[in-house]
Amino acid sequence: MTKTEDRIEDELDQVIPIVPLRDVVIFPSMATAILVGRQPSVNAVERAIETDKILLVITQKNPAENDPSPQDLYTVGTIVRIGLFFRLPDGTIKLMLEGINRVKVQEYIEKDNFLAGRVKPFEELAPMTRKVEALTRKVETLFSDYVRMNHRIPNEVLLSIQGTDDRTNLVDTVAAHMLIRNEIKQQILELEDLEESLMILSRTLSEEIEILKVEKDIDEKVSNQVHKSQKELFLHEKMRAIRDELGHGDEMAQFKEIKRNIKKARLSKDARKIAFKELERLNMMSPMTPEATVVRNYLDWMTALPWQARTKDNLDIEEVKKKLDADHYGLVKVKERILEFLSVLKLVNNLKGPILCFVGPPGVGKTSLGKSIADAIGRKFVRVSLGGTRDEAEIRGHRRTYIGSMPGRIIQGLRKAGTKNPVFLLDEIDKLSSDFRGDPSSALLEVLDPEQNSSFSDNYLEVEFDVSEVMFITTANVIYSIPPALHDRMEIIRLPGYLLHEKIKIAQKFLLPKQIKVHGIKPDQLKISEATLKEIIQKYTRESGVRSLERELASICRKVAKKLAMDENAGKIRMTKKNVEQYLGIPKFSESEIEKKATVGIATGLAWTEAGGEILNVEVTLMPGKGELTLTGQLGDVMQESAKIALSYTRTKAQILNLGNDFFSTIDIHIHVPEGAIPKDGPSAGVVMATALVSALFDIPVKREIAMTGELTLRGKVLPIGGINEKSVAALRAGVKTLLLPKENEKNIKELPEEVKKKMKIITVESMDQVLNLALTRKLDWGVKHRRSIGGFFGTDLSDSTN
């Protein structure tokens with residue numbers, strides 16, 4: 001006897017939480033699972049879980065009663081122990097129960113939020129007479145025949161009662177597994193006399209066996225008379241009747257609905273075959289099993305996908321051009337390439353071409369351009385952000401062996417679009433990463449390959465899905481972080497930063513009207529002139545795109561909205577250059593980033609960043625010392641090497657410049673690149689470092705309105721670099737008048753914006769000598785000794801220290 005049984009035997013006035021049962025009678029030694037959903041029952045379960053996990057389960061007299069009172073319950077029930085419990089999302093609790101022993105309720109006690117009962121142990125009479133022994137053998141024989149004829153009862157139950165000496169346990173096991181009415185089971189549960197219990201079981205088993213024989217005879221006769229289709233109909237009707245009897249009618253209706261959805265979904269041949277196979281599996285499962293939920297979710301995904309649904313393309317190129325022009329200002333070359341792409345699609349009616357990849361700094365309209373393309377050609381638009389994605393399953397989906405598994409982002413996006421030919425934007429493709437869970441960029445290789453994506457396979461679906469009609473567009477800030485294999489599948493379209501006049505037009509046509517509408521301001525209540533917009537752009541933003549500009553305009557609109565809300569007679573508000581500071585505060589930037597006058601030891605270079613081009617000022621100072629070189633400004637390895645190359649180039653010119661062999665051993669050189677908190681790297685600063693170094697050594701200022709970029713070699717040759725477009729735009733924005741570029745970058749000049757070529761003088765150079773002649777305020781005289789000027793720079797005459 002267990003400790004729980006001892007406790008119940010000893011404590012006759014024990015109060016135990018009660019859970020009423022609708023359609024089941026639980027016997028001692030019986031293990032079963034139930035769902036508890038009614039709130040009082042849930043409260044009773046929670047109390048039992050908090051204490052000793054002991055419950056009293058009693059069957060209702062009327063299963064239809066939703067809120068049973070003590071009068072609606074039988075007086076005899078079973079003490080059970082809670083083995084496992086699971087809290088489901090809808091608030092119900094699934095319990096695994098083990099029956100312990102019968103008890104009789106002495107008194108029902110209604111607690112605050114659940115029902116409890118004071119019980120006493122059941123007094124069972126189990127005399128071992130010859131009649132009891134005979135009845136026992138008869139019940140074992142009859143139950144063996146019953147199990148053999150009724151395939152729904154596992155053979156393990158029969159094995160569990162063979163050879164048992166516990167007659168009470170035999171009665172409980174047989175009664176629990178018989179498919180009989182609950183009233184008969186409750187009658188057996190309430191009997192105290194073992195002999196009477198065996199008699200009822202014997203009689204009931206004999207009746208059930210006769211019924212099974214009749215059913216078998218009927219089935220055999222009917223099966224020989226009906227056609228195969230009629231037989232299937234008969235079986236389905238029989239199953240429906242059984243399900244209705246067991247209370248599973250809803251599952252049958254759901255089965256029929258899923259079957260209708262499969263037929264309407266127009267699946268591919270393979271997908272249709274797999275769907276019906278899974279549907280048959282679902283039909284054979286118990287609806288309460290976890291596997292049934294997995295299958296239902298799978299079929300839901302299969303039927304919800306757009307296997308054949310597609311939208312009709314609007315390939316009127318002139319209309320598409322108008323739409324792109326209306327949504328985006330400028331970007332002439334980008335729009336031209338998009339129109340070429342769509343023109344080919346119109347002529348050949350086949351999208352198997354390169355995947356477009358928009359590359360540019362933040363805020364230049366890459367994502368919105370993809371949305372405009374979708375709107376222009378009449379397709380649905382789906383955007384998936386890949387930034388930070390590091391799990392391959394995000395693209396290909398999870399296998400169904402995992403709980404909560406789902407398809408990948410591609411299949412999810414197609415379901416969301418509802419068509420198989422949307423415009424699919426894969427945003428921030430350059431920010432993919434990988435870890436032990438796989439490499440998402442490798443999974444994208446199949447998606448973005450026109451020769452393979454007609455049979456894309458998602459791990460969750462495990463069936464091929466055709467994504468070849470999808471127009472994939474990707475976006476990135478940089479190219480170098482895109483894996484080469486993925487880069488090879490895409491055509492790069494660069495979106496340069498906007499120029500000043502383009503930002504003004506964008507603000508006038510798009511940003512300002514949008515913010516005025518968002519903030520509830522009428523169009524005639526706020527006027528901002530073009531000159532004022534120019535002031536805002538130059539003094540409050542420093543970017544290639546227009547996001548910061550939109551934030552500043554939003555800030556203005558908020559203050560205007562506040563003024564209008566506080567004073568209804570405020571009337572029209574006009575912003576001018578004079579009152580900008582009232583709305584935006586003091587300027588964040590100066591109009592020009594270059595030096596205000598020609599300065600010794602300071603040269604203007606250009607840098608490329610993910611946010612676009614930037615001005616890079618290089619400062620050099622000389623000090624008496626021992627020939628040490630100091631580099632500051634968080635310079636990377638490549639940039640430090642550029643500084644050393646610039647110094648080595650200068651030293652090789654020492655004899656020509658008459659500086660003396662030991663000149664550099666008497667000074668220390670410090671090269672600094674502001675801003676010190678920002679890491680910098682790359683080879684393109686070699687030319688500007690050498691210029692600043694020579695300027696400091698010979699006390700010759702560098703022209704203030706000239707900027708330069710290029711990699712320097714030890715022989716003084718200027719090598720080509722990248723990012724010409726972004727760097728030239730940054731130079732114009734900073735007020736540069738002359739731009740020095742490597743000779744081998746001359747081909748890139750043709751691709752520069754027209755305003756850059758008009759407002760800046762662009763000169764190509766092959767050697768460092770050319771750079772120095774153009775950048776310094778006076779030319780170096782290669783034949784004159786410069787020792788006196790160097791000494792003057794330190795305030796002492798260094799000529800005595802040379803040979």
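The values are calculated or read from the model by the stated rules, or taken from the named source; none is laboratory data. Values in this document were obtained by computation on a predicted structure and should not be read as measured data. Methodologically, a virtual Cβ is constructed for each residue, glycine included, from the backbone with ideal geometry; neighbour enumeration extends over all protein chains shown. Areas reflect the complete protein model, heavy atoms only, side chains present, ligands, DNA and RNA absent. Shrake-Rupley method; radii C 1.70, N 1.55, O 1.52, S 1.80 Å.
Can we say I536 is closer than 24 Å to A731 by Cα, of a type in the set (A, V, I, L, M), in a helix (DSSP H, G or I) and touching a residue at least 60 places away in the same chain (Cβ under 8 Å)?
In short, no.
Tally up the residues in the range 342-371 that are more than 20 Å from S468 (Cα to Cα) and surrounded by fewer than 22 Cβ atoms within 10 Å (Cβ to Cβ), please.
Result for the range 342-371: 5.
For the range 127-134, indicate whether the set of residues that are crowded, with 18+ Cβ neighbours inside 10 Å and of a type in the set (S, T, Y) is non-empty.
No; the residues of the range 127-134 include none that is crowded, with 18+ Cβ neighbours inside 10 Å and of a type in the set (S, T, Y).
Find the helices (runs of 4 or more DSSP H) located wholly in the range 129-198 whose residues include 2 or more that are over 59 Å from the mean Cα position of the chain (by Cα) and more than 19 Å from F27 (Cα to Cα), and list them.
130-149
Quick check, is D165 open to solvent by 80 Å² or more (accessible area, probe 1.4 Å) and among the acidic types (D, E)?
The answer is yes for D165.
Among L719, L697, L714, which is the only one that is closer than 27 Å to G627 by Cα, open to solvent by 10 Å² or more (accessible area, probe 1.4 Å) and of a type in the set (A, V, I, L, M, F, W, C)?
Unique residue meeting the criteria: L714.
Of the residues K527, K514, which single one is out of contact with any Lys or Arg (no Cβ under 7 Å at 6 or more places or on another chain) and surrounded by fewer than 19 Cβ atoms within 10 Å (Cβ to Cβ)?
Of K527, K514, the one residue that is out of contact with any Lys or Arg (no Cβ under 7 Å at 6 or more places or on another chain) and surrounded by fewer than 19 Cβ atoms within 10 Å (Cβ to Cβ) is K514.
Report whether or not S548 is touching a residue at least 60 places away in the same chain (Cβ under 8 Å) and part of a helix (DSSP H, G or I).
yes
Which residue pairs have Cβ atoms closer than 9 Å, lie 6 or more positions apart in sequence or on different chains, and pair a first residue in the range 455-467 that is more than 22 Å from V295 (Cα to Cα) with a second residue that is outside any loop (DSSP other than H, G, I, E, B) and of a type in the set (K, R)?
Note: no pairs meet the criteria.
Residues that are under 42 Å from the mean Cα position of the chain (by Cα) and under 18 Å from K761 (Cβ atoms), at least 2 per element: which helices (runs of 4 or more DSSP H) completely within the range 632-749 meet that?
Hits in the range 632-749: 724-734, 746-749.
Being out of contact with any strand residue (DSSP E or B) (no Cβ under 9 Å at 6 or more places or on another chain) and either surrounded by fewer than 20 Cβ atoms within 10 Å (Cβ to Cβ) or closer than 26 Å to P674 by Cβ (or both): is that true of L606 here?
No; evaluated as a whole, the condition is false for this residue.
Being modelled with pLDDT of 85 or more and either in contact with a Cys (Cβ under 9 Å, 6 or more places away or on another chain) or not aliphatic (A, V, I, L, M) (or both) narrows it down to one of N297, N314, N283, so name that one.
N297
Would you point out the residue of the range 450-483, among those that are of a type in the set (A, V, I, L, M, F, W, C) and touching a Cys at 6+ places or on another chain (Cβ under 9 Å), that is nearest to L356 (Cα to Cα)?
Among them, the one singled out is I473.
Just one of the numbered conditions (1) farther than 22 Å from A309 by Cα; (2) in contact with a helix residue (DSSP H, G or I) (Cβ under 7 Å, 6 or more places away or on another chain); (3) basic (K, R) is not true of K431; which one?
(2)
Can you name the residue in the range 386-425 that is among the hydroxyl-bearing types (S, T, Y) and at pLDDT below 90 and is also nearest to L445 (Cα to Cα) among such residues?
Of everything passing the filter in the range 386-425, T389 is nearest to L445 (Cα to Cα).
Please determine, by comparing only the residues of the range 60-117 that are touching a residue at least 24 places away in the same chain (Cβ under 8 Å) and hydroxyl-bearing (S, T, Y), which one is most open to solvent (accessible area, probe 1.4 Å).
T75
Identify, please: which residue in the range 470-511 is in contact with a Pro (Cβ under 9 Å, 6 or more places away or on another chain) and of a type in the set (D, E) and is, among those, least open to solvent (accessible area, probe 1.4 Å)?
E502
Being part of a loop (DSSP other than H, G, I, E, B) and of a type in the set (S, T, Y) is the filter here; which residues of the range 328-376 pass it?
Y329
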